[in-house]
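Written below as structure tokens is the structure these notes are about.
The values are calculated or read from the model by the stated rules, or taken from the named source; none is laboratory data. Values in this document were obtained by computation on a predicted structure and should not be read as measured data. We place every Cβ from the backbone using ideal geometry, glycine too, and count neighbours over all the protein chains shown. All accessible areas refer to the heavy atoms of the entire protein, side chains included, with ligands and DNA or RNA removed. Shrake-Rupley method; radii C 1.70, N 1.55, O 1.52, S 1.80 Å.
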Amino acid sequence: MSESTIPGGAGDAGAPGSRASEGPFLVVGLGNPGPGYAGNRHNVGAMVLDELAGRAGVRLSAGKGARSRALAGEGRLAGRRVVLARPLTYMNESGGPVRGLLDYHHLPAEDLVVVHDELDLPFSTVRLKRGGGEGGHNGLRSISRSTGTKDYLRVRVGIGRPPGRQDPADYVLKDFSSVERKELDLLLVEAVDAIETLLVKGLEGAQNEVHPRS
């Protein structure tokens, strides 16, 4: 998967010599709704979003109409205007709420940042990219279908591959192990730091800073 940059939008926000979007940027954390899923590996994107909202002092609440299927709030992060959101739908229906929020705020998909779990990265690894495939991730597939593009930013939070012959679908719907939970808070902070760096330095600058750390 290419980790390329596209001129303009949040991918180059704050980068020298580039057009910085007037924003706000829509940052979405993916997961499944309800307490039964809250600690699942598949919900790490939602966990990061909650950590991000806490840091930015943004209160998340359900809106009306196009905004009714997500918890969302507006504020500032790293000096940039942001809309932070967590879909209230199941993972494989994430695209509808994301499309609704983009339309409501009149934002292009280039200013969308999606935070999600990534099987193809070791646990505690954070990587940034724009575009590429969905790697079997139902949330990304739904967003790509609803927005009509794969050209949005992704914050990929590594959860690692399942051990042995465990089905990946079962693995992502299990809670983090006791060993992983000892490092989970640090991972969430690392992901939030990466999002702030992305907004300040743009994709290439953030990749150069974030990727060597994990």
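In region 101-112, which residue that is part of a helix (DSSP H, G or I) and of a type outside the set (Ser, Thr, Tyr) is surrounded by the most Cβ atoms within 10 Å (Cβ to Cβ)? Before the answer, list the steps.
From region 101-112, those part of a helix (DSSP H, G or I) are 101-104, 109-111; that's our starting set.
Imposing the further condition that a residue be of a type outside the set (Ser, Thr, Tyr) reduces the set to 101-103, 109-111.
Values: Leu101: 22, Leu102: 22, Asp103: 11, Ala109: 20, Glu110: 19, Asp111: 24.
Among those that are part of a helix (DSSP H, G or I) and of a type outside the set (Ser, Thr, Tyr), it is Asp111.
Yes/no per residue for (1) touching an Asp or Glu at 6+ places or on another chain (Cβ under 8 Å); (2) outside any helix (DSSP H, G or I); (3) modelled with pLDDT of 95 or more; (4) over 17 Å from Asp193 (Cα atoms):
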| site | (1), (2), (3), (4) |
| --- | --- |
| Gly36 | no, yes, yes, yes |
| Ala46 | no, no, yes, no |
| Leu49 | no, no, yes, no |
| Gly73 | no, yes, yes, yes |
| Arg99 | no, no, yes, yes |
| Val114 | no, yes, yes, no |
| Ser124 | yes, yes, no, no |
| Leu128 | yes, yes, yes, no |
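Picking from residues in region 113-146 that are open to solvent by less than 10 Å² (accessible area, probe 1.4 Å) and either of a type in the set (Val, Ile, Thr) or over 15 Å from the mean Cα position of the chain (by Cα) (or both), the one that is farthest from Phe25 (Cα to Cα) is Val126.
Among the residues examined, Ile143 qualifies as β-branched (Val, Ile, Thr), closer than 21 Å to Arg67 by Cα and part of a helix (DSSP H, G or I). If you go through region 160-214 and keep only what is modelled with pLDDT of 95 or more, of a type in the set (Ser, Thr, Tyr) and either surrounded by 15 or more Cβ atoms within 10 Å (Cβ to Cβ) or touching a Pro at 6+ places or on another chain (Cβ under 8 Å) (or both), you end up with Tyr171, Thr197. Within region 171-214, the set of residues being part of a helix (DSSP H, G or I), among the hydroxyl-bearing types (Ser, Thr, Tyr) and over 16 Å from Val126 (Cα atoms) comprises Tyr171, Ser178.
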